[in-house]
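Nothing in this text is a laboratory measurement; each read-out follows from the coordinates by a stated rule. Just so you know, these numbers come straight off a predicted model, no measurement behind them. Every residue, glycine as well, gets a Cβ built from its backbone with ideal geometry; the counts of neighbours run over all protein chains shown.
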Amino acid sequence: MERLNPGKIVVIDDELSLRVGAQRILKRMDYEVFLAERGEEGLEILKTEMPGIVLLDMKMPGMDGMEVLEEIMAMDLGIIVIVITGYATVETAIQAMKMGAYDFIPKPYKPDQLRLLITRANETLKLKIEREAMERERKRTLADLNTEQSRIHTILESLPNGVLVTGSDGRVVLLNQACYTHLHLDPQTPPGGPISDYVADPELCSLVMDISRGRYIDYTDIPSKEIKINNETHLLVRCRPVLGERKECMGTVVNIMDITTMKALEELKSEFVAKVSHELRSPLSTIHEQIKMVMGDVGESIGQDDKYMLSRAREKTGGLISTIGDLLDLSRIEAGMGGRELKPVQVDDLLKSIGEFMESRTTAKNQTLTVTTPDTPMPPIKGDLMALESVFGNLISNAINYTPEGGAIRVNADVTGNNIRVSVEDTGFGIPAKYMDKIFDRFYRVKNEKTRYITGTGLGLPIVKGIVDSMNGYIDVESQENQGTTFTVILPLKPVTGTAGII
């Protein structure tokens, strides 16, 4: 049935005048019409064109209409056949309809009679096609329902990551085998309990409950979390809402990844970097100061070339000392050490202060820097003031550096849900799409004709991301080449435990 074309009609009649007359009428109705003088010829056309309707004369030389009708019915394609009776009796037409013909029309017929009959037949054909399509879909859906549960179960059990799903009430409705392993749960623990029965981390449980109750509107507001199980297993947890047809929140899906091995490698790497950095900083500082002393002692007694070489040497040692300082900051962030006490910080006041400090730099480049905060004071965030200053200072400084003269930098801060959101937007060079996944890598800097003269260590953004991650926050970047870049930082308002956010 699905192969039939309702827009095609075959007229099988041995009388030329009737064939041509029917063709003229049907073409005016926008049908594609095929003509056949004999039954055998008509059957060949049916096989190649697959028409939806056939007008069939009962009396023809050779293969008569009844034989042709029998062949068409044997095809079982759902073709609608309208028989044309002339010399045949009414009993013959009735016999044809018993064999499966749709209707009959007597010779000679009027154009209106043919148009009415064809229109009715076409509507019938379309309804049959739709009905059969619906029936196939119903059967397919029923078959899917029979296998859906086992299929989903097989997929979930094969995933290396833990998957846990809660309802809108925060009760666990589904969890896979990897989830039992990652969370060190008893294999006999059934679903159905509150999330706190499966996860011991109060902050994660609170986050899941907030998502399940629809308190997060924007996915980018949902922070990732790292938790420890029995002080030996490190897990990275990402949560997303389960939405219904009307976009209502029906629960939360929790994705759990074991990052214990990655953490161990990071700790080894950090220890190595910290050790090497400590060993290098002292001799470099000595060399730096000695170059300074030499430049002061010799004064004007040396030539310009020698003075330039000493100046470049001092500049390079200063850059290395700065890089070592950044590396030590990263090591402290990753180790969670620093010793600074967490205190309430007014982010809106901090941003205004940084903006005022950077004003001289933007003025020198004829840039505009605007800092926009809510009319009412934002709630304070608990963290390390110097760490937060490093985050926003680095982002604003980068925006100034990578924006040409006459450009604009806009800093916007607001409160969304249980988070503070700060965006730093510029009209600068932008970041090519192929580099977007590398910008938070250590020492990585995008270098092209526009940026190769901009100095830097390539550690500013890794430091920013390290601090934001340590505060259970989130950083995102959007950029278009030659149009600008926007960095967005989202930090939770809830108190941060331990030494997160400290450098």
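Amide H to amide H distances under 5 Å link Asn5 with Gly52, where only residues 5 or more positions off or on other chains count and H is placed in the peptide plane. The string of couplings for region 345-357 from the Karplus curve (6.51, -1.76, 1.60, θ = phi - 60°) is 10, 8, 4, 5, 5, 4, 5, 5, 5, 5, x, 5, 5 Hz, one whole number per residue in order, with x for Gly and Pro. Shown is the FRET efficiency for Glu271 and Asp375, computed with R0 = 45 Å from the Cβ-Cβ distance and rounded to the nearest 0.05: 0.40. Net charge in the neighbourhood of Ile256 (other residues with Cβ under 14 Å of its Cβ; Lys, Arg +1, Asp, Glu -1) is +1. With the charge dipole of region 5-134 set up from +1 on Lys and Arg Cβ and -1 on Asp and Glu Cβ about the Cα centre, the Cα lying farthest toward the positive end among the listed residues Ile105, Gly78, Thr119 is that of Thr119.
Here's how it looks for Gly428: its modeled amide H is under 5 Å from those of Gly484, Thr485, which are all 5 or more places away or on a different chain.
Determine the gain in length on full extension of the stretch Ser224-Arg38; use 0.36 nm per residue of separation and subtract their C-alpha separation, reporting nm with one decimal.
Details: separation 186, 0.36 × 186 = 66.96 nm, distance 7.58 nm.
Using 0.36 nm per residue and subtracting the Cα-Cα distance, I get 59.4 nm.
Among 306-315, 54-63, how do they line up from the highest to the lowest mean number of other beta-carbon atoms within 10 Å?
Details: 306-315: 13.5, 54-63: 20.6.
Descending mean neighbour count gives 54-63, 306-315.
Residue exposure proxy: Leu243, Leu175, ordered by other Cβ atoms within 10 angstrom of their Cβ from fewest to most, comes out as Leu243, Leu175. Taking a sphere under 14 Å around the Cβ of Gly355 and counting the other residues whose Cβ falls inside, with K and R at +1 and D and E at -1, yields a net charge of -4. Distance from the Cα centroid of region 46-86 to that of region 165-188 is 64 Å (rounded to whole angstrom).
Length available on full extension from Thr368 to Lys98: 0.36 nm per residue minus the Cα-Cα distance, which gives 88.5 nm.
Listed by chain and number, the lysines whose alpha-carbon sits under 30 Å from that of Lys110, ignoring those within fewer than 8 places in the same chain, are Lys8, Lys27, Lys47, Lys59, Lys98, Lys126, Lys128. Net charge near Lys59: determine it from the other residues with C-beta under 10 Å of the C-beta of Lys59, scoring Lys and Arg +1 and Asp and Glu -1. Overall, the nearby charge balance is -4.
Its Cα centre serving as origin, region 343-492 has a Cβ charge dipole (Lys and Arg +1, Asp and Glu -1) of approximately 480 debye.
Fewest Cβ neighbours within 10 Å first, please rank Ile9, Ile82 accordingly.
Values: Ile9 27, Ile82 21.
Ordered from fewest to most neighbouring Cβ atoms within 10 Å, Ile9, Ile82 come out as Ile82, Ile9.
Could you pull out the pairs from Lys263/Lys438; Lys228/Lys269; Lys225/Lys434; Lys365/Lys438; Lys263/Lys382 whose alpha carbons sit more than 22 Å apart here? Kindly include the intermediate steps, with their values, before the conclusion.
Working: Lys263/Lys438 20 Å; Lys228/Lys269 20 Å; Lys225/Lys434 28 Å; Lys365/Lys438 28 Å; Lys263/Lys382 25 Å.
Too far apart for the 22 Å limit: Lys225/Lys434; Lys365/Lys438; Lys263/Lys382.
For region 5-134, give the magnitude of the charge dipole about the Cα centre (Cβ charges: +1 Lys/Arg, -1 Asp/Glu; no others), in debye to the nearest 20. Intermediate values should be presented prior to the final figure.
Working: 16 positive and 22 negative charges, 125 e Å.
With only Lys, Arg, Asp and Glu charged at Cβ, the dipole is about 600 debye.
Residues Glu41, Glu123, ranked from the fewest to the most other C-beta atoms within 10 Å, line up as Glu123, Glu41.
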